[in-house]
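In what follows, a single structure is set out as structure tokens and then discussed.
Derivation of every value follows stated rules applied to the coordinates shown; laboratory data play no part. Owing to the predicted nature of the structure, the values given are computational and were not obtained by experimental measurement. Counting neighbours? That spans all protein chains shown, and the Cβs are built from the backbone with ideal geometry, glycine included.
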Amino acid sequence: MCYTSVRFNKADSRIILMMTLQYTSDSLIGTIDLPASKSISNRVLMIQALCDEFVDSLNLSEAHDTVILSNLLVEIKNTQGKIILDVEDAGTPFRFLTAYLAMQEAKEFIITGSERLCERPIHPLVDALQFIGADIHYTNKKGFAPLLIKGKKLKGAALRISGDISSQFISALCLIAPCLENGLMIEILNEQVSDSYIQITLTVMKEFGIQSIIGYNFIHIPQQKYAGRKYAVENDWSSATFFYAMAMLIDNVEIKLNGLHQQSVQGDSFIQIIANDFGIETNFEHNACTLKRIAPVDSSFEKGYNLSSFPDLAIPFIVACAIKYPNVRIRGIHHVELKESKRITSLQTELKKVNIHLLYEQDVLTFHHSGDMTPREITFSSYNDHRIVMALSMLTLKGYAVTFDNTDCVKKSFPDFFNQIKRLGIMPLIS
């Protein structure tokens with residue numbers, strides 16, 4: 001049985017959609033329409049705001065993060081005086097806007113967000129911006145939102161920033177760098193996490209005429225002008241990773257994913273290579289790809305993966321391995337604890353309910369099964385985290401009837417997720 005219910009959260013006036021999912025097939029066969037990439041869309045929106053010429057963007061994401069960023073950029077442009085900006089739980093808009101607002105001369109802003117967003121660190125980016133003259137102050141706890149930003153003319157320089165917390169700090173600096181006198185020379189200290197997202201930033205910037213010099217631990221972006229052009233956003237490889245992870249769990253698989261590029265700017269397209277290890281082949285034709293299982297892979301399969309560059313890919317992959325491939329080891333994921341939820345901790349808590357244990361020590365994640373794993377009805381917490389909900393939905397493929405306390409959070413990246421998985425036999429019933 002599948003059912004949903006709706007409750008109202010009086011504390012913050014949100015509608016909370018509770019949903020139960022159950023798998024009703026013995027195969028994964030169907031066609032999925034993926035959303036546009038919110039990562040690319042968010043970068044294109046920032047370039048639109050920084051560009052003196054017209055930018056015609058096609059296929060912009062409808063994800064909540066992108067909608068928030070688009071609306072706030074309009075508000076910034078059209079409002080004078082002091083402006084209060086609420087990014088809700090949108091981490092990327094918060095980081096990108098922090099750098100952008102710092103250079104909006106003669107304007108004053110307070111930028112804030114949800115309780116969880118105000119727990120996520122921002123100090124490396126603020127320190128870097130203050131080094132080049134930004135007027136930014138913490139209004140509550142040092143190192144965290146909310147921020148008071150008084151926009152002024154900034155002058156570029158050589159600066160240092162740690163790369164081990166969030167690539168978005170560096171992307172935010174890269175995006176404004178061409179607009180600064182002298183540009184920016186960014187030296188990256190410590191390990192660089194989520195490097196694939198910095199590559200998205202620089203590649204999209206190049207499409208708008210910006211040249212950069214990239215070295216082992218630095219990025220140099222001279223002063224230049226963005227050039228307006230027409231730009232079509234790719235569909236989202238991060239969303240595609242959930243369907244690859246599903247395919248890892250089922251023998252009879254033929255899933256067509258619409259709108260993906262084989263030679264993609266998106267780092268999460270690396271899932272094709274990982275999936276090969278688990279007997280999943282990817283074939284491209286026109287503007288789509290099809291996943292098929294070409295060989296069975298035993299649950300005793302053993303290998304190690306470093307996912308430091310792929311934090312979004314990591315979540316569905318972790319859950320798939322936790323369910324079926326407990327001898328896989330995963331490292332390079334410490335930074336996923338700083339996302340919409342503490343994602344490793346969240347998965348440890350929820351998967352323990354089905355006697356799957358995630359052991360995380362010295363940045364290495366391993367898995368252990370214990371006790372009764374007979375499929376049954378199970379309720380998971382969502383943590384208001386879209387990727388946690390989408391990943392845990394895969395337990396339905398092992399026979400569990402899965403209920404979530406809130407499914408509305410998937411709108412953050414994949415608003416149509418539950419309608420799309422119906423096509424594969426994972427059935428939510430929306431009343």
- Query: What translational D, rounded to a whole number of µm²/s, comes out for the chain from Stokes-Einstein when the hydrodynamic radius is the Kirkwood one over Cα pairs, at 25 °C and 0.890 mPa s?
  - Reply: 110 µm²/s
- Quick one: helix 91-102 against the long Cα principal axis of the chain, what's the angle to the nearest 10°, folded into 0 to 90? 0 degrees
- Message: Need the list of aspartates and glutamates near Lys352 for cross-linking: C-alpha distance under 15 angstrom, and skip anything on the same chain fewer than eight residues off.
- Response: Asp372, Glu377
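Can you tell me what share of the DSSP beta bridges in region 79-186 is antiparallel? A percent to the nearest 5 is fine.
Working: 8 of 16 bridges.
About 50 percent, rounded to the nearest 5.
Determine, for each peptide in 364-372, 110-118, 314-322, the mean count of other beta carbons within 10 angstrom over its residues, then list the peptides with the highest first. List each step's numbers first, then the result.
Details: 364-372: 14.0, 110-118: 18.1, 314-322: 26.2.
Put in order of decreasing packing, that is 314-322, 110-118, 364-372.
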- Query: Between the helical axis of 64-78 and the dominant principal axis of the chain, each derived from Cα atoms, what acute angle in degrees is found, rounded to the nearest 10?
  - Reply: 20 degrees
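Efficiency by 1/(1 + (r/R0)^6): what FRET value for Tyr138 and Asp298, r their Cβ-Cβ distance, R0 = 56 Å, to the nearest 0.05?
0.60
Considering Cα pairs under 8 angstrom that are at least six residues apart, work out the relative contact order of the chain and quote it in whole percent. Mind dumping the intermediate values first?
Working: 945 pairs, mean separation 89.5, N = 431.
For the chain, the relative contact order is 21 percent.
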- Item | Acute angle (nearest 10 degrees) that the helix 38-50 long axis makes with the longest principal axis of the chain, alpha-carbon atoms | 10 degrees
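D for region 391-431, whole µm²/s, Stokes-Einstein with Kirkwood Rh over alpha-carbon pairs at 4 °C and 1.567 mPa s: what number? Please report the intermediate quantities before stating the final value.
Numbers: Rh = 11.0 Å.
Rounded to a whole number, D works out at 118 µm²/s.
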- Long-range amide H contacts for Ser57: which residues qualify at under 5 Å (H placed 1.01 Å from N, peptide plane, sequence gap of 5 or more or a different chain)? Tyr231
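So, R0 is 51 Å and r is the distance between the beta-carbons of Gln362 and Gln80; what FRET efficiency does that work out to, to 0.05? All intermediate terms of the calculation are to be shown ahead of the outcome.
On the way: r = 52 Å, r/R0 = 1.02.
That gives a FRET efficiency of 0.45.
Give me the percent relative contact order of region 128-189, please, defined on Cα pairs under 8 angstrom at least 6 residues apart. It would help to have the intermediate numbers written out before the result.
Details: 80 pairs, mean separation 19.9, N = 62.
Once normalised by length, the contact order is 32 percent.
Please work out how much length the chain gains when fully extended from Asn276 to Arg331, using 0.36 nm per residue of separation minus the C-alpha to C-alpha distance, in nm with one decimal.
On the way: separation 55, 0.36 × 55 = 19.80 nm, distance 1.93 nm.
In short, 17.9 nm is gained.
Relative contact order of region 350-404, please, whole-number percent, based on alpha carbon pairs below 8 angstrom and at least 6 residues apart. Kindly include the intermediate steps, with their values, before the conclusion.
Details: 61 pairs, mean separation 16.7, N = 55.
Rounded, it is 30 percent for region 350-404.
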- Under 17 Å Cα to Cα from Lys82, which aspartates and glutamates show up? Leave out anything in the same chain fewer than 8 places away. Glu105, Glu108, Asp135
- How many angstrom lie between the C-alpha centres of region 327-392 and region 287-308? 19 Å
